[in-house]
Amino acid sequence: MSERTALVVGATGLTGRNAAEHLARSGWDVVGVSRSRGMDTDGVRSVSADISDPASIASVAADVKATHVFFCTWSRQDTEARNIEVNGAMLRNVLDATGTVGTLEHVCLVTGLKHYLGPFEAYAQNPAKPPFRESQPRLEHENFYYTQEDILWEAADRFGFSWSVHRPHTVIGYTLGNAMNMGVTLAVYGTLARETGQPFVFPGSPEQYDGTTDITDARLLAEHLAWAATAPEARNEAFNVTNGDTFHWRQMWEVVASGLGVDPAPYPGHPTPLEGRMGHAAETWRRIAEREGLVEPDVDRLVSWWHTDSDLGRTVETHADMTKSREAGFTRVQDSAQSFLDLFDRLRKERVIPTEGSPS
């Protein structure tokens, strides 16, 4: 039995799943918490809990006796005020429950670059200037990420554990049924474009098409979480977490199209949001899934048109500086083009998208 027991909150999500898998492969005892469905990952014990209910998560915490907590989930609400209320309460419940047990050594909190860009209600209206650095001050807008940090720091003082905050950009990686999974959304979009003959056009803004950006591979984020959980240099610090390279979507769109076996369409010079163009998606995807024997015929369980539109429709450049992590000892990098290609290969292997159309 390992001396380290990880409680991964949100273990069926994109970040949580990859974190749990990496920790299990690295020899940790891993317990994955989700509200309903469990994981199918070797080395991960799945438990069900509602972290909005203090009694529910307290029961799990008392049983697990975690030494490390990885908080990898959030619940989207209609307003930022509700985001603050709901997501703040969920984190507070987890920290109160695990901290009271007395075994907790470190908590990793995953937030994101909306720390610098602002909440959805004021998104990119008065953002920090890229490249984003951890030393930049908070924006004036209310932001549930700020609330969660304050809750984390207060609990750390009260219970005596160390902490780290992790701010990834758009996370690319394998999981299903996640509301913030641009990689899977683009894979479905490419498959639909090939099936229907509609143009595979970049749906976002000119600023994203021609500007500098970056992404975060979920596998690299998992390594960063594991590193920060045990490295003395990472204690009580906030870190950006991106692949370490930058790109323009003008070039990356060709890579994505090639990886999906579809021709990239010329960019029209303005946004063409996916959410307004995918009215046919449910029926068409069900037909494809039945014909190809895919594992998920319900397109709404795979895609997040709104979130991908939000990512690709920004009117500002968005990229983060990784110097702080490098100086603290985390030196892993990931080629962003390969992040997409690896994901598409995994989706074909898992029968999420058809094998037809893969690059020869």
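The values are calculated or read from the model by the stated rules, or taken from the named source; none is laboratory data. Keep in mind it's a predicted model, so treat the numbers as computed, not measured. Here Cβ is always computed from backbone atoms with ideal geometry, including for glycine, and neighbour counts include all displayed protein chains. SASA here: full protein model, heavy atoms, side chains in, ligands and nucleic acids out. Shrake-Rupley method; radii C 1.70, N 1.55, O 1.52, S 1.80 Å.
Couple of notes before you dig in:
- Nonlocal amide H pairs with F70, under 5 Å, H built at 1.01 Å: L7, V8, V9, C108
- In plain terms, the chain from S59 to Q251 could stretch by 64.1 nm, reckoned as 0.36 nm per residue minus the Cα-Cα distance.
- Those lysines that a straight Cα-Cα span of less than 27 Å connects to K129, excepting residues fewer than 8 apart in one chain: K114, K324
- Modelled spin labels at E3 and R45, positioned 7 Å past Cα toward Cβ, are 2.0 nm from each other.
- Cα gyration tensor shape for region 207-296, rounded if a/c is under 1.5, else prolate or oblate: oblate
- In nm, spacing of pseudo-spin labels at E105 and H280 (7 Å Cα→C-beta vector): 5.6
- Counted residue by residue at 0.36 nm each, then reduced by the alpha carbon distance between them, the extension gain from E140 to S26 reaches 37.0 nm.
- Karplus-derived 3J(HN,Hα), 6.51/-1.76/1.60, for each residue of region 145-154, Hz, glycine and proline x: 4, 5, 4, 5, 4, 4, 5, 4, 5, 5
- Per residue accessible area in Å² of region 95-224, where ligands, DNA and RNA are left out and the probe is 1.4 Å: 32
- Whole-percent carbon and sulfur share, accessible surface of the chain, 1.4 Å: 46
- Karplus-derived HN-Hα couplings along region 190-200 (A = 6.51, B = -1.76, C = 1.60, θ = phi - 60°), whole Hz, x at Gly and Pro: x, 5, 5, 5, 5, 6, 9, x, 5, x, 8
- Three-way shape label, the chain, alpha-carbon gyration tensor, a/c 1.5: prolate
- For D217, residues with placed amide H under 5 Å, excluding near neighbours: I172, N243
- For the options T196, T100, T213, a Gaussian network treatment of the chain with springs between C-alpha atoms closer than 10 Å singles out T196 as fluctuating the most.
- Near the amide H of F132, within less than 5 Å, lie the amide hydrogens of H319, A320, D321, all on another chain or at least 5 residues away, with H placed in the peptide plane.
- On full extension, the segment bounded by Y123 and E356 gains 80.1 nm, given 0.36 nm per residue less the C-alpha separation.
- For the residues H224, H22, H248, a GNM of the chain with alpha-carbon springs under 10 Å puts the largest fluctuation on H248.
- Computed from phi, the 3J(HN,Hα) profile of region 271-288 under the Karplus parametrisation 6.51, -1.76, 1.60 (θ = phi - 60°) reads x, 10, x, 5, 4, x, 10, 10, x, 8, 4, 4, 5, 5, 5, 4, 5, 4 Hz, with x in place of Gly and Pro.
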